[in-house]
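Just dropping this structure here.
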2 protein chains.
Amino acid sequence: MRPCETATWLLAFALMLARQAVAEDGYDLWLRYRPLPAAQAIDYRAHAAELVLDAGSPVRAAARSELLRGLTGLLGKAPKLSDRGSVDGAIIAGTPSSSAAIARLDLGLRELGTEGFLIRSVTIDGHRATVIAANADAGVLYGAFRLLRLLQTGQPVDGLNLRDRPREKLRVLDHWDNLDGHVERGYAGNSIWDWWKLPGYVDPRYTDYARANASIGVNGAVLNNVNANAIILTHDYLLKVAAVAGALRPYGMRVYLSARYSAPLEIGGLKTADPLDPAVRAWWLGKSNEIYALIPDFGGFLVKANSEGQPGPQDYHRTHADGANMLAEALAPHGGIVMWRAFVYSQDNPDDRAKQAYTEFKPLDGQFRDNVLLQVKNGPVDFQPREPFSPLFGAMPKTPLMMEFQITKEYLGFATHLVYLGALYEEVLRTDTYAHAKGATVAAVIDGELDNHTLTGMAGVANIGSDRDWCGSMFNQANWYAFGRLAWNPAQSARDIAADWARMTLANDDAVVRPVIDMMMTSREAVVDYMTPLGLHHLMGTGHHYGPMPWDASGARADWRPVYYHRADRDGIGFDRTSTGSNAVSQYTPQLATQFQDLKQIPDAYLLWFHHVPWDYRMRSGQTLWQELVTHYTRGVDEVKQMRATWAQLQGRIDAERYAKTASFLAIQQDEAQWWRDASVAYWQSLNGLPIPAGQAAPAHALDYYKSLTFPNAPGR
Amino acid sequence: MRPCETATWLLAFALMLARQAVAEDGYDLWLRYRPLPAAQAIDYRAHAAELVLDAGSPVRAAARSELLRGLTGLLGKAPKLSDRGSVDGAIIAGTPSSSAAIARLDLGLRELGTEGFLIRSVTIDGHRATVIAANADAGVLYGAFRLLRLLQTGQPVDGLNLRDRPREKLRVLDHWDNLDGHVERGYAGNSIWDWWKLPGYVDPRYTDYARANASIGVNGAVLNNVNANAIILTHDYLLKVAAVAGALRPYGMRVYLSARYSAPLEIGGLKTADPLDPAVRAWWLGKSNEIYALIPDFGGFLVKANSEGQPGPQDYHRTHADGANMLAEALAPHGGIVMWRAFVYSQDNPDDRAKQAYTEFKPLDGQFRDNVLLQVKNGPVDFQPREPFSPLFGAMPKTPLMMEFQITKEYLGFATHLVYLGALYEEVLRTDTYAHAKGATVAAVIDGELDNHTLTGMAGVANIGSDRDWCGSMFNQANWYAFGRLAWNPAQSARDIAADWARMTLANDDAVVRPVIDMMMTSREAVVDYMTPLGLHHLMGTGHHYGPMPWDASGARADWRPVYYHRADRDGIGFDRTSTGSNAVSQYTPQLATQFQDLKQIPDAYLLWFHHVPWDYRMRSGQTLWQELVTHYTRGVDEVKQMRATWAQLQGRIDAERYAKTASFLAIQQDEAQWWRDASVAYWQSLNGLPIPAGQAAPAHALDYYKSLTFPNAPGR
């Protein structure tokens, strides 16, 4: 063969192999780095001829490795590694101390803090270059991922002048992972932490996990369940934790642990865990010293105390502040922090569950050490499809409040339903608390702007497991992605984030991206409609939280039973939280309390959260409540049908494996949306005796059928 | 650019992508189909120019798809699909009814049965061709995989005249998978069966599972744990089972289910499960009809009855034969079979546990229906590193005995230890039972040759889970592979099988394969040495079965306690199973009973299985028993060190990911082999008060240290 012939034959061979390479099993998440269209690649290659990045630190080495990987994948050619930009089109990345070129430029880095970065098109020594500059290595890493995102989403990269820094200091994933590998409320397989094989075997997957997080700015992970096992704090397990920390560190991530409050009894040999007991304080200080000897950058503790049966300081008649401060004191010498959860309620407290966290914590404002954050779930109950924001936001100005969102879909259809949570997060973050005045959004509370806190944070309960695609479905990956992006900057638009995600994950092709965004942005309202419209909440199957069980009055605790929340009877439905009821409205600032109290002002979306209303109550639409309710249920089902139809149009535009999996899941979702609608309607009908509203279909089965369904093997318990 | 330049540039690009393609995460098992060296590929391509295979049935379509995939991967070029071989070098595959060319040839297919095949080099119409011919589609599929194996292992493919058919009819994997996804004694993640999402979502992984099994001849899978949940037999779950069956069927696999004997009570609404009760019989017949309506080729039931707390016919004072026959009768109209496990022993029976299965089942010989097999574990206790064969083999000539091997390493170091079980299986299969005369090997018993059974089988307790590499480690894949190969033909050599596996899985390169075979063939004796040398057994941690716990006398049942098995004291060690003890020797044929009874004749490997011996007993080697025991422990550790050193020499010859993972695991294994040795020696020393033999190292820690270790989160429980 002549050389050219050989090359042509080899080319065919290599392309065949390359096709095998693009198996789309979802493992690569949004960091797929598949080849860009040739014209675009050629254009970008003019801006990526050389890479100048001193890899003398682990974090900068990670940044260089990612740029090499990403640019090679996207552009089909690795940039030349160089000590300095000697040609047009270099990428020069670093800090003033790691890059002489960056030190020489006047970039105004100071305001970027320790994690911010800038990307700027410059001319150095007569050569065009793109500079990624930061004060510290983490910023270089974040800048590297940002530059790659520009390419992945097809943005221009000439004339760049982009500056960014995170608005939240702590951007943390909470893994509810048990030491036996089970993930509580996890629907994507087992825990990715293989405690059994650690520290002897450090799974390379930990590095890919860290890469994905760094790409969206997540800088911390709580490795174990808030329903914690004290064994994680034994020396043998701390060695395992240290091995994980070693894998995450090059990507700017710190590890945290959930601390079981009674650990001094369980593994410490003490007879008390009283936070004011000197031996207990000494034990935690010793444990803190032991941890930091193994993990110098350990982040700190997350604590669920005196909540749902967990031990805590109240077992010793101490306050949550006493409890948190004792741990904070032990961590403070090493720079660690405590994230103390405000998710508390007691079956012994007859007051409305939605009120109890506020009642408990509001009086403690100002009593926490300055390395304590109070971690508050977005709503006052528990991660429902829609809740009003927790009244604690804005009510504790002297305490840094950290947001806790749930990324895993405990109450939202587990892994199979398509529900884009970016829309939920955005709705919460943009809500005005009216704390001091109009404009005091939840975002302004948690990013510290409102009350001048510098210790700020956002936590997301991870949806990550050992499934190949990490999250159990491709669209669940979008929720991890959106969480990270919003933790970095709560002001970002959920729609824009969805667009970026879809371009990187599916295809940078408007014919795909536009319909996908439509599906995503519709999906959250759809799930509210088919599960719990008009402010209904917590009607899911008791325990497993899957499927409708509004009739259930059998749970171990009154406040775990659906009937506690809907209070429906022959005459009406809804939880009266106005002044004639539990008066939860009074926990909000006066503007909101007035609005929520008043039937004329209450938004439809919160109607049955705050009001008990007759079935024949006339809604703004002119329909009765009963008609409106059924209309919402039906609309939810129709929205899923529409999502399914939209997806069907994308067949052929998306690889077969991901197309088929999502198509299967949407079919499941449609069936289950119908089940939710029909079971709910049948049950309400059994109470109110009203006919199905005109034009609406009757439930497919009688109520007894829905009541007969059981799910003994539901995952995530 | 000139065309040739473009091609060269594209080539570099494509090769880069191709490099990304060869991520070696183990998912592809031994079906990697990576490109062969160019010279070899060119040679083989002359024999794979065209593919003539009528894909008009699902099984033949699977065969064609696999040939296309394999040939394209190995040779870099897809064969041309053709209706008939029009050029030299066609592969013509099919049955006489699906291929006119094959129908015309005189191939002598008859003796190949329904699953056998031949591969022959022929000339048809003047063209060289390779024929894969069989009587039925399954044979075509097996032949396709065999041809691919020839290429994968670098065998010549001209002048082929290869005929093969399976020696066992049922070649079955037993999955001990629970409906909640947990795998009992599984160390490779969760169950691959995603019952929660089935039948709405059928994971493409099921197809890859079936491909792997077909490639080694496995033709059945029991989907659920022998400690069964009756829910699998409800209609909703049968729909899920049917979906799995649909994915496996094109690869010649049938599904089976473990049946819980008390299902008529639990899901049938009956008040009894008495096998002689007409309502019970009717219920099972109805259930069988229901199953076959959904799954026409359903295989049948596996049953663990009256064993370790499972329900069974003895609850109603009926025999195992009564119990098995009732189920067999329900399945018989549809061609289904019952695999009834002989693994029974009772804590209420004071007799030696090793004797109880024989005592129970031997008298039932001849009482089972002809669609019942008795499934017998290889040894009389429970999957230990080494046991003598179960005396039932050869003792029940009127009953088809099916072998039950364990592939998952419950007692052999879980996922991390490298133990090649092909060596164990081979040792068992080649053992002479002396049933009628010399030469009546265990293999001859189970393949039906000895007693003229046509219903034959071999089961392996699967080591498969949701881990990306299926089995928790690459070398565990070899155990799945060896099981399948030996189930197809128990006469094959474990070493040859190891060689094939290594060539396909690692590299077809003697510099890799030879050392790897050495490691594998050493590994089984190593684990016997460092865990339970000289016939010791069942000294693993009670419950989880990990690590040494010879001192444990605390288990819930006497026959679950290590001290039950070693019976060591100041004076000696070992279980007297001779006529002066439990007389288990009498369950073997006279030749073996005599040999096992006699201290002069007993092989060292079974010494302490059958004899209680003083510590100063003089061994054949001239050493005392105590010296010999410590020598074995030390040798076990040394063998692992040697395996580790051998592996280290392969660095650079194996891709980094698989090299590193195995290196980590071998380091863990070495630590744990040392732990086994030291803890065992320390404990025996605490009993016998003897000094450490000269030249041997003392244990690293005092006995109390080893006793203090706990493993609350050990997997697989």
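The values are calculated or read from the model by the stated rules, or taken from the named source; none is laboratory data. This one's a predicted model, so the numbers in the text were calculated from it and none came from an experiment. Please note: Cβ atoms are built from the backbone with ideal geometry, for glycine as well, and neighbour counts cover all protein chains shown.
Residues in the range A:432-456 that are surrounded by 17 or more Cβ atoms within 10 Å (Cβ to Cβ) and not hydrophobic (A, V, I, L, M, F, W, C): how many?
Start the filter on the range A:432-456 by keeping residues that are surrounded by 17 or more Cβ atoms within 10 Å (Cβ to Cβ), which leaves A:432-435, A:440-448, A:450-451, A:453, A:456.
Narrowing the set further to residues that are not hydrophobic (A, V, I, L, M, F, W, C) leaves A:432-434, A:441, A:447-448, A:451, A:453, A:456.
Of the residues in the range A:432-456, 9 are surrounded by 17 or more Cβ atoms within 10 Å (Cβ to Cβ) and not hydrophobic (A, V, I, L, M, F, W, C).
Residues in the range B:269-281: is at least one assigned to a loop (DSSP other than H, G, I, E, B), of a type outside the set (S, T, N, Q) and in contact (Cβ under 8 Å) with a residue 60 or more places away in the chain? Let's see the steps before the verdict.
Filtering the range B:269-281 down to residues assigned to a loop (DSSP other than H, G, I, E, B) leaves B:269-277.
The next check asks that each one be of a type outside the set (S, T, N, Q); those that pass are B:269-271, B:273-277.
Going one step further and asking which of them are in contact (Cβ under 8 Å) with a residue 60 or more places away in the chain, we end up with none.
The answer is no; no qualifying residue exists.
With respect to residue B:678, determine if the residue is more than 30 Å from residue A:207 (Cα to Cα), touching a strand residue (DSSP E or B) at 6+ places or on another chain (Cβ under 7 Å) and charged (D, E, K, R). Steps first, please.
Working: more than 30 Å from residue A:207 (Cα to Cα): yes; touching a strand residue (DSSP E or B) at 6+ places or on another chain (Cβ under 7 Å): no; charged (D, E, K, R): yes.
When the stated conditions are applied, residue B:678 does not pass them.
Condition check ((1) touching a helix residue (DSSP H, G or I) at 6+ places or on another chain (Cβ under 9 Å); (2) away from chain A (no Cβ under 14 Å); (3) part of a loop (DSSP other than H, G, I, E, B); (4) free of Cβ contacts under 8 Å to residues at least 60 places away in the same chain) across all residues:
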{"residue": "B:348", "(1), (2), (3), (4)": "no, yes, yes, yes"}
{"residue": "B:357", "(1), (2), (3), (4)": "no, yes, no, yes"}
{"residue": "B:384", "(1), (2), (3), (4)": "yes, yes, yes, no"}
{"residue": "B:408", "(1), (2), (3), (4)": "yes, yes, yes, no"}
{"residue": "B:416", "(1), (2), (3), (4)": "yes, no, yes, no"}
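So, one more: Looking for something under 19 Å from residue A:93 (Cα atoms), of a type in the set (Val, Ile, Thr) and away from chain B (no Cβ under 14 Å) - is there at least one such residue anywhere in the range A:218-228? Step through it out loud before you land on a result.
Applying the first criterion (under 19 Å from residue A:93 (Cα atoms)) to the range A:218-228 yields none.
Scanning the range A:218-228 turns up no residue that is under 19 Å from residue A:93 (Cα atoms), of a type in the set (Val, Ile, Thr) and away from chain B (no Cβ under 14 Å).
If I go through the range B:161-185 residue by residue, how many of them are outside any strand (DSSP E or B) and closer than 23 Å to residue B:215 by Cα? So that I can check it myself, show each step before the final result.
Within the range B:161-185, the first condition is being outside any strand (DSSP E or B), and the residues that meet it are B:165-169, B:175-176, B:178-182, B:184-185.
From what's left, closer than 23 Å to residue B:215 by Cα: B:165-169, B:175-176.
Within the range B:161-185, residues that are outside any strand (DSSP E or B) and closer than 23 Å to residue B:215 by Cα number 7.
I'd like to verify a number: residues in the range B:588-614 that are within 27 Å of the chain's Cα centre (by Cα), surrounded by 15 or more Cβ atoms within 10 Å (Cβ to Cβ) and either outside any helix (DSSP H, G or I) or of a type in the set (Ser, Thr, Tyr) (or both), how many?
2
Let me ask another. Conditions: (1) more than 14 Å from every other protein chain (Cβ to nearest Cβ); (2) within 30 Å of residue B:191 (Cα to Cα); (3) assigned to a helix (DSSP H, G or I). Residue A:512 meets all but one. Number of the miss?
Failing condition for residue A:512: (2).
Residue by residue through the range B:188-217, note down the ones that are more than 30 Å from residue B:151 (Cβ to Cβ) and either at the interface with chain A (Cβ under 8 Å from one of its Cβ atoms) or part of a strand (DSSP E or B) (or both).
First, the residues of the range B:188-217 that are more than 30 Å from residue B:151 (Cβ to Cβ): B:189-191, B:193-202.
B:189, B:190, B:195, B:196, B:197, B:200, B:201, B:202 - these are the residues of the range B:188-217 that are more than 30 Å from residue B:151 (Cβ to Cβ) and either at the interface with chain A (Cβ under 8 Å from one of its Cβ atoms) or part of a strand (DSSP E or B) (or both).
Something else: Among the residues of the range A:229-237, is any among the charged types (D, E, K, R), closer than 30 Å to residue A:43 by Cβ, assigned to a helix (DSSP H, G or I) and modelled with pLDDT of 95 or more? Full working, then the answer.
At the first step, the residues of the range A:229-237 found to be among the charged types (D, E, K, R) are A:236.
Pick out the ones that are also closer than 30 Å to residue A:43 by Cβ and you get none.
No, there is no match, as no residue in the range A:229-237 is among the charged types (D, E, K, R), closer than 30 Å to residue A:43 by Cβ, assigned to a helix (DSSP H, G or I) and modelled with pLDDT of 95 or more.
Scan the range A:166-182 and report the pairs whose first residue is within 14 Å of chain B (Cβ to nearest Cβ) and whose second residue is among the β-branched types (Val, Ile, Thr), with Cβ atoms within less than 8 Å and a gap of 6+ or a chain change.
A:177/A:183; A:177/A:192; A:179/A:231; A:179/A:232
Looking at the range B:538-553 only, could you name the residues that are of a type outside the set (Phe, Trp, Tyr), in contact with a Leu (Cβ under 8 Å, 6 or more places away or on another chain) and within 12 Å of residue B:708 (Cα to Cα)?
Listed by number, the residues that qualify are B:548, B:549.
Another question, then. Being surrounded by 22 or more Cβ atoms within 10 Å (Cβ to Cβ), aromatic (Phe, Trp, Tyr) and over 23 Å from residue B:194 (Cα atoms), is that true of even one residue in the range A:633-650?
Yes, the range A:633-650 contains at least one residue that is surrounded by 22 or more Cβ atoms within 10 Å (Cβ to Cβ), aromatic (Phe, Trp, Tyr) and over 23 Å from residue B:194 (Cα atoms).
Are there any pairs with C-beta distances below 7 angstrom linking a residue in the range B:301-313 that is small (Gly, Ala, Ser) to a residue that is assigned to a strand (DSSP E or B), with the two at least 6 apart or on different chains, and if so which?
Within 7 Å, the pairs are B:307/B:341.
Oh, and also: Can you tell me which residue is surrounded by the fewest Cβ atoms within 10 Å (Cβ to Cβ) among those in the range A:384-408 that are touching a Leu at 6+ places or on another chain (Cβ under 8 Å) and farther than 30 Å from residue A:335 by Cα?
A:386
Any residue at all in the range A:532-544 that is surrounded by fewer than 20 Cβ atoms within 10 Å (Cβ to Cβ), within 24 Å of residue A:712 (Cβ to Cβ) and more than 27 Å from the chain's Cα centre (by Cα)? Step through it out loud before you land on a result.
Taking the range A:532-544 as the starting set, the residues that turn out to be surrounded by fewer than 20 Cβ atoms within 10 Å (Cβ to Cβ) are A:541-544.
Filter again for within 24 Å of residue A:712 (Cβ to Cβ), leaving A:541-544.
Then drop every residue that is not more than 27 Å from the chain's Cα centre (by Cα), which leaves none.
No, the range A:532-544 has no match at all.
Does the range A:125-142 contain at least one residue that is within 11 Å of chain B (Cβ to nearest Cβ), within 21 Å of residue A:255 (Cα to Cα) and either of a type outside the set (A, V, I, L, M, F, W, C) or in contact with a helix residue (DSSP H, G or I) (Cβ under 9 Å, 6 or more places away or on another chain) (or both)?
To start, the set of residues in the range A:125-142 that are within 11 Å of chain B (Cβ to nearest Cβ) comprises none.
No, every residue in the range A:125-142 fails to be within 11 Å of chain B (Cβ to nearest Cβ), within 21 Å of residue A:255 (Cα to Cα) and either of a type outside the set (A, V, I, L, M, F, W, C) or in contact with a helix residue (DSSP H, G or I) (Cβ under 9 Å, 6 or more places away or on another chain) (or both).
Considering only the range A:234-241, I want to know if a residue exists there that is touching a residue at least 60 places away in the same chain (Cβ under 8 Å), buried (at least 18 other Cβ atoms within 10 Å of the Cβ) and of a type in the set (D, E, K, R).
In the first step, residues of the range A:234-241 are kept if they are touching a residue at least 60 places away in the same chain (Cβ under 8 Å); the result is none.
For the range A:234-241, residues touching a residue at least 60 places away in the same chain (Cβ under 8 Å), buried (at least 18 other Cβ atoms within 10 Å of the Cβ) and of a type in the set (D, E, K, R): absent.
Among the residues that make up the range B:105-124, is at least one of them among the aromatic types (Phe, Trp, Tyr), out of contact with any Gly (no Cβ under 6 Å at 6 or more places or on another chain) and either modelled with pLDDT of 95 or more or assigned to a loop (DSSP other than H, G, I, E, B) (or both)?
Start the filter on the range B:105-124 by keeping residues that are among the aromatic types (Phe, Trp, Tyr), which leaves B:117.
From what is left, the residues that are out of contact with any Gly (no Cβ under 6 Å at 6 or more places or on another chain) are none.
Looking for residues that are among the aromatic types (Phe, Trp, Tyr), out of contact with any Gly (no Cβ under 6 Å at 6 or more places or on another chain) and either modelled with pLDDT of 95 or more or assigned to a loop (DSSP other than H, G, I, E, B) (or both), one finds none in the range B:105-124, hence no.
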